[in-house]
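Take a look at the structure below.
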Amino acid sequence: MYQFKFENGETEKVKNFDEFCDLIITKVNFENVESCTTQQAFYKLRISIVEERIYEKEKIKLETELKIIFPRSNRIKLVKKLEKNIGLELNVLSSPKSVIYSLTVILLVSIFMLFINFLYGIIGIGISVYGFYCCKWFGKELEIKNVKELVEKMTTENYLNIRSKKNTVNKSELKVVVTDWFVENAGIEKEKLKTSTFI
């Protein structure tokens, strides 16, 4: 996201996650501008929704539920229109969890089947991979609940692209953004991550 790399041995002095976040922030060589990125994300999102005539501006609040803005009947189409306008992949749609779990079971069983009947194993893996592919394109389930959660997700995943002034950051909010990114991508609870230590 920020295009930097650690020097040899640089991370060896880091004792906990908090210090690791501080190290990452020192590597971000962009101009520091004290402006709220989540606020900019909200305005950017609201403008795009209104421009695409998806929902009325006055009704778009942080607590507004996404299922109201994106009715299930044409949810995929509306989300794609919004993504094209805003210039970001929102990644808010998925298939029902029961379908995901079923495909995961098929994949695991198919891998096991490779050692018993190679042909059946390959067919099973092919079916599960194709199923996951279809889930990505045809899923209608919303992974997040409201506009506030969507704004936070946009900020975490596309921080630099959200900023109104390009190549700037607000270092006072970066630690929260970095922590949220690790929570979402590493699958670790936020409180456990904050208190984690490195041996």
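Filtering the stretch 183-199 down to residues that are part of a helix (DSSP H, G or I) and among the acidic types (Asp, Glu), which residue is surrounded by the fewest Cβ atoms within 10 Å (Cβ to Cβ)? It comes out as 191.
Scanning the stretch 133-148 for residues that are surrounded by 15 or more Cβ atoms within 10 Å (Cβ to Cβ) and in a helix (DSSP H, G or I) returns 135, 147, 148. Here residue 185 meets the list (1) within 26 Å of residue 13 (Cβ to Cβ); (2) of a type in the set (S, T, N, Q); (3) in contact (Cβ under 8 Å) with a residue 24 or more places away in the chain almost entirely, failing just condition (3). Pairing each residue of the stretch 131-144 that is touching a residue at least 24 places away in the same chain (Cβ under 8 Å) and within 15 Å of residue 73 (Cα to Cα) with any residue that is of a type in the set (S, T, N, Q) and surrounded by 13 or more Cβ atoms within 10 Å (Cβ to Cβ), provided the two are 6+ apart or on different chains, yields C-beta distances under 7 Å for 139/94; 139/95; 141/94; 141/95. Going by the structure shown, is residue 106 part of a helix (DSSP H, G or I), touching a residue at least 24 places away in the same chain (Cβ under 8 Å) and farther than 30 Å from residue 17 by Cβ? Considered against the rule, which asks whether it is part of a helix (DSSP H, G or I), touching a residue at least 24 places away in the same chain (Cβ under 8 Å) and farther than 30 Å from residue 17 by Cβ, residue 106 comes out as yes. Can you pull out every residue in the stretch 58-80 that is under 16 Å from residue 150 (Cβ atoms), surrounded by fewer than 17 Cβ atoms within 10 Å (Cβ to Cβ) and charged (D, E, K, R)? 59, 61, 63, 65, 67, 80, listed by residue number. Taken together, the residues in the stretch 81-116 that are among the basic types (Lys, Arg) and loosely packed, with under 15 Cβ neighbours inside 10 Å amount to 2. Only one of the numbered conditions (1) over 27 Å from residue 155 (Cα atoms); (2) in the same structural domain as residue 153 (by TED's automatic domain parsing) is violated by residue 111, and that is (2). Pairs only if they're at least six apart or on different chains, beta carbon under 9 angstrom, first in the stretch 2-19 and at pLDDT 75 or above, second exposed (fewer than 10 other Cβ atoms within 10 Å of the Cβ) and of a type in the set (D, E, K, R); list them, first residue then second. Going by the 9 Å Cβ cut-off, the qualifying pairs are 19/13.
If you go through the stretch 149-164 and keep only what is closer than 16 Å to residue 34 by Cβ and surrounded by 19 or more Cβ atoms within 10 Å (Cβ to Cβ), you end up with 155, 159, 162, 163.
The values are calculated or read from the model by the stated rules, or taken from the named source; none is laboratory data. All values derive from a computational prediction rather than experimental measurement. Note that each Cβ is placed from the backbone with ideal geometry, even for glycine, and that neighbours are counted across all protein chains shown.
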